[in-house]
Amino acid sequence: MAEVRNILFIGDSVTAAHRSWLFPHGFGYVKNLCHLMPPQWKLINKGKNGDRIVDLDSRWNQDVLKEGPNVISVNVGINDTWRRFDKNDSTTQQEFSDIYEKILLRTFDRLPRSTIILCEPFLLSRRVEMSEWYGDFHGKIETIHLLAAKYTIPLIRFNEFLNMQVDVYGQDKLSKDGIHPTNLGHRLMSEFWLSNFRKLCQV
């Protein structure tokens, strides 16, 4: 029997997708992956609604390092932009970078054999005022790219991929608010994540 290996997904509501103690995988791309992955892979969903990078930092020891997963998939950043515009509570690009890098360095030290995967958050503009978000949001994307390059970490380009899919399916079919995926959006995310993971781990 193949050794069971754990993949831990952590992020905000896009990852959580209404997870609960009764439905621990939620109802989004993580749940979809449960049906797509080979049986030796056990998936753990640690997404939490509203999380920003500072929130991941505060619960990283308990929710990630204590679990000791073989693979860690991180998807965070949209709320760091969103809170700037709806709550006047900004996370600067430097703060985002510093905290994200601190999390990575802590993980390298504590879990040197674990594989980390960084995912782009995504934004599909739905409202006129959301056009103001792009400068801040693309700063977060740039930070994630720079960290992935600096530490040779696999990168999954959800934002690039989903914005390309708008031309195929239309925006409403992928996300009603530009932030949270529809069922189709989640299905496409799971398939795209898995295609990248297969290249990485020869699954």
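Using the crude model of +1 on Lys and Arg Cβ and -1 on Asp and Glu Cβ, and no other charge, please compute the dipole size for region 5-201 relative to its Cα centre, in debye to 20. Provide the component values of the computation, followed by the final result.
Details: 26 positive and 23 negative charges, 174 e Å.
That gives region 5-201 a dipole magnitude of about 840 debye.
What's the Kirkwood radius of region 5-201 in Å, using all Cα pairs?
On the way: mean 1/r = 0.0594 Å⁻¹.
About 16.8 Å, per the Kirkwood formula over Cα pairs.
Rounded if a/c is under 1.5, else prolate if a/b is larger than b/c, else oblate: which is region 1-54, with a ≥ b ≥ c the root eigenvalues of its Cα gyration tensor? Mind showing how you got there, number by number?
Working: a/c = 2.54, a/b = 1.85, b/c = 1.37.
The shape class here is prolate.
Among Asn61, Trp41, Thr182, flag the residue with its Cα farthest along the positive direction of the charge dipole of region 5-201, charges on Cβ as +1 for Lys/Arg and -1 for Asp/Glu.
Working it through, the farthest residue towards the positive pole turns out to be Trp41.
Using only helices, what value at 222 nm comes out for the chain when you add -39,500 (n - 2.57) per DSSP H run of length 4 or more and divide by the total residues, to the nearest 500 deg cm²/dmol? Write down the numbers at each step before the final one.
Details: 9 runs with 99 residues, N = 203.
My calculation for the chain gives -15000 deg cm²/dmol from helical runs alone.
Only Cα pairs within less than 10 Å get springs; with that Gaussian network setup on the chain, which residue of Thr152, Thr92, Thr81 has the largest fluctuation?
With Cα springs under 10 Å in the chain, the top fluctuation among Thr152, Thr92, Thr81 is at Thr152.
Tell me the relative contact order for the chain as a rounded percent, counting alpha carbon contacts under 8 Å between residues six or more apart.
On the way: 307 pairs, mean separation 44.1, N = 203.
Reported relative contact order: 22 percent.
At 7 Å along Cα-to-Cβ for each site, give me the label-to-label distance between Asp98 and Leu200 in nm.
2.8 nm
Near Lys140, which lysines are there with a Cα under 28 Å away, not counting those fewer than 8 places off in the same chain?
Counting by Cα, and skipping residues close in sequence, Lys140 has these lysines nearby: Lys31, Lys46, Lys48, Lys66, Lys87, Lys102, Lys150, Lys173, Lys176, Lys199.
Please report how far the C-alpha centroid of region 129-144 lies from that of region 65-99, rounded to the nearest whole angstrom.
Between the Cα centres of region 129-144 and region 65-99 lies a distance of 13 Å.
Return Leu146, Leu188 ranked ascending by Cβ neighbour count within 10 Å, so the fewest neighbours appear first. Walk me through the intermediate numbers first.
Values: Leu146 13, Leu188 22.
Arranged by neighbour count, lowest to highest, Leu146, Leu188 become Leu146, Leu188.
Just so you know, all these numbers are worked out from the coordinates, no wet-lab data involved. Owing to the predicted nature of the structure, the values given are computational and were not obtained by experimental measurement. Counting neighbours? That spans all protein chains shown, and the Cβs are built from the backbone with ideal geometry, glycine included.
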